Amino acid sequence: MRYEDFYRQSIEQPELFWCEQARRIHWDTPPQKILDQSHPPFRRWFVGGTTNLCFNAVDRHLDERGDQVALVAVSTETGTARELSYRELHREVNAFAAVLKSLGVGKGDRVVIYMPNIAEAVFAMLACARMGAIHSVVFGGFAAHNLALRIDDAQPKLLIAADAGMRGGKVIPYKPMVDAALEESHSPPSQVLIVDRKLDPQMTRVDGRDLDYATLRARHIDDIVPVVWLESNEPSYLLYTSGTTGKPKGIQRDVGGYAVAMALSITTIFDIAPGQVMFTASDIGWAVGHSYIVYAPLIGGATVVMYEGLPTRPDPGVWWSLCERYGVRTMFSSPTAIRMLKRQDPSWLKKYDLSKLKWLFLAGEPLDEPTAQWITDGLGVPVIDNYWQTETGWPAITLMPGLDLKPVKFGSPGLPSPGYRMKVIDDATGAEAAPGEKGVLVFELPLPPGCLSTVWHDDARYLHSYFGHFGEQVYSSLDWAIRDADGYFTILGRTDDVINVAGHRLGTREIEEAVATHAAVAEAAVIGVQDELKGQVPVVFATLKQGVTDAPAVVAHAMQVRVTDQLGALARPARIYLVNALPKTRSGKLLRRSLQALVQNADPGDLSTLDDPAALDEVRRALQRGP
Ligand code: ATP
Ligand code: MG
C-alpha cells in the first residue's frame, strides 16, 4: 500500500484503521472499544481487550518458528555470542518468571533492572511482562545517585542487577553502585537478584538481601509460568527520559497499544518480516532498545542481534562484520555512533559482504548532512533518519520502506507515522506555521497507540509538561521544527535551546550544521548567550577531528565565514571555543543547557545525566583561556 493512503486512513478513520492494525497481535479477549477519549488529553486504546507482551513476543511463535533463532547476544567485550531459539527463549523467560514469582513479585509490582546488554536482561524484561510486573530498566552506565533517584520514583519490589558490565576492555563493577544506591534510596527494595557474570571477583553480597540468579534458575528451569492477561491500558513498563532538559520524566507505557505499535512499525517502517534479521546497536536502557532490541523484533517473529561493546573495538569494522555474519537486513543505530565511525578510515565500511543489508536507520539526535552523506556513500544503502522521543515509543517522523520508500531528503527524518496528527505551530500566535516557517512541533489528539499513557505517579506533570503550551488538546514535543512544501519535517533543536537574535529565532541545529560543514570540525554545540544589544548571540563550542594541524584562530575564522555565508550575518557566532570534548547525556545528546549555564554563570540545573564531568571542566578551562 502507498504511504499516502495508509497515513490518510489513519487520520481520517482512526478507529477503523487501528481496529485493522490490532489484528497484527494476539488478544486473549478482543477489544470492546477501539478508542476512548472521554478524558482528554488522556486516551485509552483498545479498551477491554486483554493481551500480554511476552505472549506476543515469545509463546505466539513457538508452533511456527520455535527453532528459529530469536536472539543473538554478541559481546565483543567478553568475546562471546549467544544464540537462543524462540523455544530456548521461552524456557529462559519462564525460568526467570518462576524465580521472580518465588520472590513474591506479582502483577503491578515494579522491578528495576540495572544491567548491561546481555541476554538475561531481555529474559528479565519479558519475565516481568509475562507476569504483569512493571519493569523499569535503568541504563547500566548510570551511577549510584541516578539509580537511587529512579528507585525512589518507581518504588520497586525487586532490583535485578549484574555483577558488572564491560566497556572498552575494562570491567565496570555494577554491584558497588547498587549497594550505594540502596544506601541512598528512601524506599529500597528488600531483595536484589544478581546475575553473576563472574567478571568481578571482588563482588560482595549482603546476606539475606542479595540473591544469586544462577542458583535460583537451577531450581526453576523446568517451570512454566502462566501468562497474566492484562487489560490493554494497564501499565507495561516505565522508562525515564534522557534528562537533557531537566529532571527525567518517568514515562508510563500501556500494553495493547504498545504491542500494536510494535507489530505495525517492525513491518511497515523497519521492513522486517518474520524470520528476517534486525541488528539494533543501542542499549536496553533507552527507548530504542526497549522497542527495537526487545519488543518489536520479537513480536514480529524476527531474529534480533543485540550488542555489548564499542563500535570501534576490536576495530571500526566490527558492526559490518556482524551484519555479514548474521545476514542483517535492517540495522538501527544513532548519529552519534556514526560520527564516531566517521573519524575512522572509510575503507572499514567496504570490507564485508553487506549484500543482505537493505536499510540503516538512525535516531536520537539530528543527523547532519555530511554524516548522512558519508555513511550512505560508504554502505551503499538508504539511510533513514527517524525522529522520536521516549514518550512516543516508536518513530513519529520517518520514512516507511516497508510500505513504499519515499525519497530520502538529507537533513529531514521524513513524514509523519500513522496516527500522528502533526503540525508546526507559531508559538507567538498559536496558528499553524506556513510551509518553510519555523515553529513548535505538536501532535493533535488523540496520540496514537504506543505513545505514553502518563508520567508515572504524576498526571499533573504529564499535563503541564506536554499540554501546558497550546491548550489541553495539543501535545507539545518541545522540539522546534519546520515543514517543507512536500510535507517533510526537519527538527531544528529543542524549544528551550532556540536562540533569539534581535527578534530572529534560530534553531541550534542550523548553526551547528553550518559550523560542521568545515572539514576540520568533528562536532559543534551552539548556545544563545545574553547580549545587551541583540537580546542573545550565538556562541559556539566545537571539537576538531584528530590530526587537524591548522591554527585554531584560522579554523575559528573559517567557521564564522561559513555560518555567515549560509545563514546570514545575524547567525554569526559571537565567540568560538575549541575544546576536546562536549558535555553530553549518557544517551549521547548534547547538554547545551550546561554550556549555557557555565557561560552565563548560572545554575546548571540537574546534571545527573551528564556522561563525563571532565567535559565540563574542559569547557571551564576554555572559558578561562578565552575564545
Ligand atoms: P528530556 O525529555 O528528559 O529532556 P530527551 O528529550 O533528550 O530528555 P529522549 O526521549 O531520549 O530524551 O530524546 C528525545 C529527543 O531527542 C527529541 O525530543 C529530540 O529533541 C531528539 N531527537 C530524537 N530523534 C531525533 C532526530 N531524528 N532528529 C533530531 N532530533 C531528534
Ligand atoms: Mg524530551
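The values are calculated or read from the model by the stated rules, or taken from the named source; none is laboratory data. Please read all numbers here as calculations on a predicted model, not as lab measurements. Heads up, the Cβs are rebuilt from the backbone with ideal geometry, glycines too, and the neighbour counts pull from every protein chain shown. Ligands, DNA and RNA are stripped out before the accessible areas are found, and what is left, the full protein with its side chains, is counted by its heavy atoms. Shrake-Rupley method; radii C 1.70, N 1.55, O 1.52, S 1.80 Å.
Rundown of residues vs (1) over 25 Å from Asp496 (Cβ atoms); (2) among the acidic types (Asp, Glu); (3) away from ligand 2 (no atom under 16 Å from the Cβ); (4) outside the structural domain of Glu324 (by the TED database), yes/no style:
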| site | (1), (2), (3), (4) |
| --- | --- |
| Lys356 | yes, no, yes, no |
| Pro382 | yes, no, yes, no |
| Ile397 | no, no, no, no |
| Ser417 | no, no, yes, no |
| Ala431 | no, no, yes, no |
| Glu437 | no, yes, yes, no |
| Val442 | no, no, no, no |
| Ala460 | no, no, yes, no |
Only listed residue being of a type in the set (Val, Ile, Thr) and without any contact (Cβ under 8 Å) to a residue 60 or more places away in the chain, chosen from Thr241, Thr204, Thr245, Thr267: Thr204
Index of the failed condition, Gly364 passing every other in (1) at negative phi; (2) of a type outside the set (A, V, I, L, M, F, W, C); (3) within 16 Å of ligand 2 (Cβ to nearest atom); (4) open to solvent by 10 Å² or more (accessible area, probe 1.4 Å): (1)
Sole exception among (1) open to solvent by 30 Å² or more (accessible area, probe 1.4 Å); (2) in contact with a Leu (Cβ under 8 Å, 6 or more places away or on another chain); (3) within 16 Å of ligand 1 (Cβ to nearest atom) for Pro370, by number: (2)
Residue within segment 222-242 that is touching a Gly at 6+ places or on another chain (Cβ under 7 Å) and under 16 Å from Val137 (Cβ atoms) present: yes
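Let's see how each residue does on (1) surrounded by 21 or more Cβ atoms within 10 Å (Cβ to Cβ); (2) over 30 Å from Ser321 (Cβ atoms); (3) touching a His at 6+ places or on another chain (Cβ under 9 Å):
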position: Met1; (1), (2), (3): no, yes, no
position: Asp28; (1), (2), (3): no, yes, no
position: His61; (1), (2), (3): yes, no, yes
position: Thr76; (1), (2), (3): yes, no, no
position: Phe96; (1), (2), (3): yes, yes, yes
position: Arg110; (1), (2), (3): yes, yes, yes
position: Ile113; (1), (2), (3): yes, no, yes
Leading residue by the ranking (nearest to the chain's Cα centre (by Cα)) among those in segment 276-302 that are under 17 Å from Leu53 (Cα atoms) and of a type in the set (Val, Ile, Thr): Val288
Residue, farthest from Lys351 (Cα to Cα), within segment 368-382, restricted to residues that are assigned to a helix (DSSP H, G or I) and in contact (Cβ under 8 Å) with a residue 60 or more places away in the chain: Glu369
Strands (runs of 3 or more DSSP E) wholly inside segment 152-266 that include at least 3 residues being over 23 Å from Ser477 (Cβ atoms): 158-162, 164-167, 170-173, 191-195, 210-212
Of residues in segment 223-238 being touching a Leu at 6+ places or on another chain (Cβ under 9 Å) and of a type outside the set (Val, Ile, Thr), the one nearest to Ile151 (Cα to Cα): Tyr237
Single residue of Ala434, Ala460, Ala481, Ala428 found to be more than 27 Å from Ile134 (Cα to Cα), modelled with pLDDT of 95 or more and open to solvent by 40 Å² or more (accessible area, probe 1.4 Å): Ala434
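Residues checked against (1) within 16 Å of ligand 1 (Cβ to nearest atom); (2) at pLDDT below 95; (3) hydroxyl-bearing (Ser, Thr, Tyr); (4) outside any loop (DSSP other than H, G, I, E, B):
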residue	(1), (2), (3), (4)
Trp319	no, no, no, yes
Glu324	no, no, no, yes
Ile338	yes, yes, no, yes
Leu341	no, yes, no, yes
Ser347	no, yes, yes, yes
Tyr352	no, no, yes, no
Ser355	no, no, yes, no
Leu360	yes, no, no, yes
Pro366	yes, yes, no, no
